[in-house]
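Okay, structure first, notes after.
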Amino acid sequence: MHRTPIQIRFKDVDKMGHVNNANHATYLELARMMYFEDVVAVKIDWTKQGVILAKVVIDYIVPILLEDKVSVLTTCSRIGNKSFDLTHTIVKTENGKDIEVAKGVSVVVCFDYEKNITIPVPEEWKGKLSTNY
């Protein structure tokens, strides 16, 4: 499972004193990008071929506070013909233990930006993604 540390910024916190729920999607976005960089580890020209986000679902469990030490754990949970799912768990670490604060799934579709069409998941990616099942 891939871990992306998240820096909670003061601007993330709302009047209620917790991280506003809209920021969770940004945390998942950062985790997806770091996952690609570290796990897929293929140089991608995002202006030609890459991925687009088709869907994000987030379940909120426990509020995140400004002082919390937060990370996103990411793994590939499904590989289809043209898309794959990344499952995310947002955790805060307290006393050396991870506490689940939110969980989500990102559906990612492979896309050719020059032709404006979906494309199959590259074979090179499949092997790297599948090691994360």
Of those in region 1-10 that are without any contact (Cβ under 8 Å) to a residue 60 or more places away in the chain and out of contact with any helix residue (DSSP H, G or I) (no Cβ under 9 Å at 6 or more places or on another chain), the residue nearest to I90 (Cα to Cα) is Q7
Within region 36-52, restricting to residues that are not charged (D, E, K, R) and not in a strand (DSSP E or B), the one that is farthest from the chain's Cα centre (by Cα) is T47
Within region 65-92, restricting to residues that are touching a Lys or Arg at 6+ places or on another chain (Cβ under 8 Å) and more than 19 Å from N21 (Cα to Cα), the one that is surrounded by the most Cβ atoms within 10 Å (Cβ to Cβ) is L86
Checked K103, K92, K55 against criteria (basic (K, R), assigned to a strand (DSSP E or B), farther than 30 Å from G127 by Cβ and under 18 Å from the mean Cα position of the chain (by Cα)); the one match is K92
Filtering region 79-103 down to residues that are touching a helix residue (DSSP H, G or I) at 6+ places or on another chain (Cβ under 9 Å) and within 27 Å of D45 (Cα to Cα) yields I79, F84, L86, H88
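Residues are listed down the side, and each one gets a yes or a no for (1) touching a residue at least 12 places away in the same chain (Cβ under 8 Å); (2) charged (D, E, K, R); (3) surrounded by 15 or more Cβ atoms within 10 Å (Cβ to Cβ):
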| residue | (1), (2), (3) |
| --- | --- |
| A22 | no, no, no |
| M33 | no, no, no |
| V62 | yes, no, no |
| A102 | yes, no, yes |
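Coordinate-derived values only; no laboratory data. As the structure is a prediction and not an experimental result, all values here were calculated from the model. In this analysis, Cβ positions are derived from the backbone assuming ideal geometry, glycine residues included, and neighbour counts consider all displayed protein chains.
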